[in-house]
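Taking it in order: structure first as C-alpha cells, then the write-up.
FYI, it's all coordinate maths here, none of it is from the lab. None of these values were measured; they are calculated from a predicted model. Glycine gets a Cβ as well: all are built from the backbone with ideal geometry, and neighbour counts include every protein chain shown.
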Amino acid sequence: MIHTLWVASPCANVLSDLYAMGVTECDNMLMLLGVSNKLSTDEKEIVVKLIMQGFRDCALEAGTSIQGGQTVVNPWMVIGGVATSVCLPSEYCQPDGAVPGDVLVLTKALGTQVAVNVHQWLIEQSDRWRQVSTVLTEQQARQAYQSATRQMARLNRTAARLMRQYNAHACTDVTGFGLLGHANNLAACQKADVSMVVHNLPIIAGMAAASAHLGGAFGLLRGTSAETSGGLLVAMSRTDAAEYC
C-alpha cells in the first residue's frame, strides 16, 4: 500500500534545501524515479502512478510543479528530485551570520529513523521488536510512527518564511547527517568566531528510550541519527527566537 504522506516526504525533503536558505518560492522541480525491476506490469501500473501523483501533490502544495526528470529501472523503488529557484540576494538568508549570544531553534522533533525502524520491527514481530517492547508499548510505537510520518511530509516552507521575518542569522536543515553533522557544518561556515552548544533535544515520544535500550544503535542521543525531511536548525537572537516560536 502506498501512503500519501510517505510519497510526500521525499518531495518535502528535496524542497527543504531551498527552505534552509529562506527561499520559499520554488520555480521548478525535477522528479528522479527508480522503478523496481521486481514489480510486475500490473504492480507498476498502480504503484508508479500513485508515487508520481503523491510527489506532484506535495509540489503543488509548495506552490510549484514538476517540469521534467528521469525514470530508470532499478533493483529498488527510489524517488527524489531537484528543486530550483532564481532569486535576488535580498530574497534568501546567508547561512554564515550567526553571532555570539544567538540561540538555536529546531523546528521538528528528532527520531524519525528510530520510529520507522521500530514500526517495521513491530509489523514483522522480529527479535528487535521483542527487545524494544520491554520499554515501548505497541500503541506508543504506532503513535511514534504516525508522528514521524506526519512531520516528514510537512513542508519547512512556513518555518522558512517566518525565519526571514524574524531576522534569522543562519540556518541549515537537518537530514541525512543528523543533528550533529549538520550543526557542525553550520558552525564551520560562520564568519564570526562562535561555538554552538545544544542543550536540549526535542525527540519523538518514546524514541529516546527505545534508542537507549538498544545500546544507542541509532546514535539518536548523540545527534548522529539520520533524519528524513527533518526540521530547520535556525540561529537567531533570543528575542527573535521567542517571537519565532
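Here are the numbers:
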{"read-out": "Which of 166, 19 has the fewest Cβ neighbours within 10 Å, and the rest in rising order", "value": "166, 19"}
{"read-out": "Cysteines without a disulfide-compatible neighbour (Cβ-Cβ under 4.7 Å), the chain", "value": "26, 87, 93, 171, 189, 245"}
{"read-out": "Three-way shape label, segment 126-193, alpha-carbon gyration tensor, a/c 1.5", "value": "oblate"}
{"read-out": "Fewest-first ranking of 55, 218, 177, using other Cβ atoms within 10 Å as the exposure measure", "value": "177, 218, 55"}
{"read-out": "Relative contact order (%) - segment 103-244, alpha-carbon pairs under 8 angstrom, separation at least six", "value": "48 percent"}
{"read-out": "Most fluctuating residue given options 122, 104, 220, as computed from a GNM of the chain linking Cα atoms under 10 Å", "value": "122"}
{"read-out": "Relative counts (whole %) of C-alpha pair distances in segment 4-89, using bins that are 10 Å wide", "value": "18, 49, 25, 8, 1"}
{"read-out": "Cα-based shape type of the chain, given that a ≥ b ≥ c are square roots of the gyration tensor eigenvalues and the cut on a/c is 1.5", "value": "oblate"}
{"read-out": "Within segment 210-231, backbone nitrogen closer than 19 Å to the virtual label 7 Å beyond the Cα of residue 6 toward Cβ", "value": "227-230"}
{"read-out": "Proximal lysines to residue 38, defined as alpha-carbon separation beneath 22 angstrom and excluding residues fewer than eight positions away on the same chain", "value": "49"}
{"read-out": "Residue order, fewest to most surrounding Cβ atoms within 10 angstrom, among 56, 238", "value": "238, 56"}
{"read-out": "Helical mean residue ellipticity (222 nm; -39500 (n - 2.57) per DSSP H run of 4+; nearest 500) of the chain", "value": "-13500 deg cm²/dmol"}
{"read-out": "FRET efficiency, residue 192 to residue 222 (Cβ-Cβ, R0 30 Å, nearest 0.05)", "value": "0.70"}
{"read-out": "For segment 103-244: rounded, prolate or oblate by the Cα gyration tensor [a/c cutoff 1.5]", "value": "prolate"}
{"read-out": "Average Cα contact separation per residue, the chain, under 8 Å, 6 or more apart, as relative contact order %", "value": "31 percent"}
